[in-house]
1. Just for strands (runs of 3 or more DSSP E) wholly inside region 1-89: which have at least 1 residues that are of a type in the set (D, E, K, R)?
2. Looking at GLN65, GLN43, which is the one that is of a type outside the set (Val, Ile, Thr) and either touching a Leu at 6+ places or on another chain (Cβ under 7 Å) or within 26 Å of ALA184 (Cβ to Cβ) (or both)?
3. Is it true that some residue in region 123-137 is modelled with pLDDT under 95 and either surrounded by 12 or more Cβ atoms within 10 Å (Cβ to Cβ) or not assigned by TED's automatic domain parsing to the domain that holds ARG59 (or both)?
4. How about region 141-157: which of its residues are surrounded by fewer than 12 Cβ atoms within 10 Å (Cβ to Cβ) and modelled with pLDDT of 70 or more?
5. Considering region 20-44 alone, what residues qualify as being in contact with a strand residue (DSSP E or B) (Cβ under 8 Å, 6 or more places away or on another chain) and of a type in the set (Ser, Thr, Tyr)?
6. Need the failing condition index for LYS73 against (1) in the same structural domain as ASP159 (by TED's automatic domain parsing); (2) in contact (Cβ under 8 Å) with a residue 12 or more places away in the chain, just the number.
7. If you take the residues in region 65-95 that are acidic (Asp, Glu) and modelled with pLDDT under 95, which one is farthest from ARG140 (Cα to Cα)?
8. GLY80 fails exactly one of the following numbered conditions: (1) farther than 30 Å from VAL39 by Cβ; (2) surrounded by fewer than 18 Cβ atoms within 10 Å (Cβ to Cβ); (3) of a type in the set (Gly, Ala, Ser); (4) out of contact with any helix residue (DSSP H, G or I) (no Cβ under 6 Å at 6 or more places or on another chain). What is the number of that condition?
Amino acid sequence: MLKDTQEEWRVTVTSTPFTGKKTSVRTDEVVMPDGTTAVRDYQVHPGSVAVLALDDADRVLVLRQYRHPVRQKLWEIPAGLLDIPGENPLHAAQRELYEEAHVKAEDWRVLTDVYTSPGGTDEAVRIFLARGVSEADGERFAVAEEEADMELARVPLADLVSGVLAGDLHNNCLVVGVFALQAAMTGAGLDALRPAESPWPARPFTP
C-alpha cells in the first residue's frame, strides 16, 4: 500500500516576513537533493477540523458562507480552526458543529485527514463523520461577521456528489468529505472508520 512518510530537508535560513491574527508566512531556504538551495514561501497554519454531519435520512448538513478571497458564497460543511496548540480535534469539531449549526451528535468517527494545499501551506485538516445528529441544548451561539449571513440546509449525499462532479461545489472539505463518505459506504462501511480519538501525527494532541 502507498503511504506518505515523514521527511525534512535541511533549512539553511528561515524568516517570518508576515504575522497575522491566526496565520503567518514563512520563508525558508531549503537544500535540494542536488545540493542547490531553493526559496520556499508558505503559510503557517494552526490546523483545522471539519464535520460531515449525516442524519438518519442520509442527508448532509451544509452551510453557505461568503469567502472573500474567492469572492463567492460557498456551500461547505461546518469547520473551524484549532485555536489552542495541542487542542483535542474532536472537542474542536464538536464545538464547531454546535456554534455553526446548533447541532450535537452521538457517534463520531474520523472520516479522513488531509493537507489542503501542501505546496503553499502546512494546514492540516481532520474531517470527522458525525451521526445521530439532533438539535443542541441551550441557546444558539452568537454569530458575527460572515457567519451572521450563513444559510443552513440538509442535502442528500447523492445531490452533493452530483454537484461536485458538475463543477457547482468547490469547498475542499466538502468535496473530500462527500467522496470519502461515499467510498466508506460502498466499501467496508461506516463502522469500519477510525475512532474519533485516533492519533493525528500532523497535529499531535492530548486525548
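The values are calculated or read from the model by the stated rules, or taken from the named source; none is laboratory data. These numbers were taken from a predicted model, which means no experiment stands behind them. No Cβ is skipped: glycine too gets one built from the backbone with ideal geometry, and neighbour counts run over all protein chains shown.
1. Numbers: elements: 11-19, 24-31, 37-44, 48-54, 59-67, 72-76, 79-81.
Here the list reads 24-31, 37-44, 59-67, 72-76.
2. Working: GLN43 fails: either touching a Leu at 6+ places or on another chain (Cβ under 7 Å) or within 26 Å of ALA184 (Cβ to Cβ) (or both).
When all the criteria are applied, what remains is GLN65.
3. Taking every residue of region 123-137 in turn, at least one turns out to be modelled with pLDDT under 95 and either surrounded by 12 or more Cβ atoms within 10 Å (Cβ to Cβ) or not assigned by TED's automatic domain parsing to the domain that holds ARG59 (or both).
4. Pass one, region 141-157, residues surrounded by fewer than 12 Cβ atoms within 10 Å (Cβ to Cβ): 142, 144-145, 148-149, 151, 153.
ASP149, GLU151, ALA153, listed by residue number.
5. First, pick out the residues of region 20-44 that are in contact with a strand residue (DSSP E or B) (Cβ under 8 Å, 6 or more places away or on another chain): 22-32, 37-44.
Correct list: THR23, SER24, THR27, THR37, TYR42.
6. (2)
7. Residues of region 65-95 that are acidic (Asp, Glu), as a first pass: 76, 83, 87.
Among the residues that remain, those that are also modelled with pLDDT under 95 are: 83, 87.
On the way: ASP83: 21, GLU87: 23 Å.
Ranking the qualifying residues of region 65-95, first place goes to GLU87.
8. (4)
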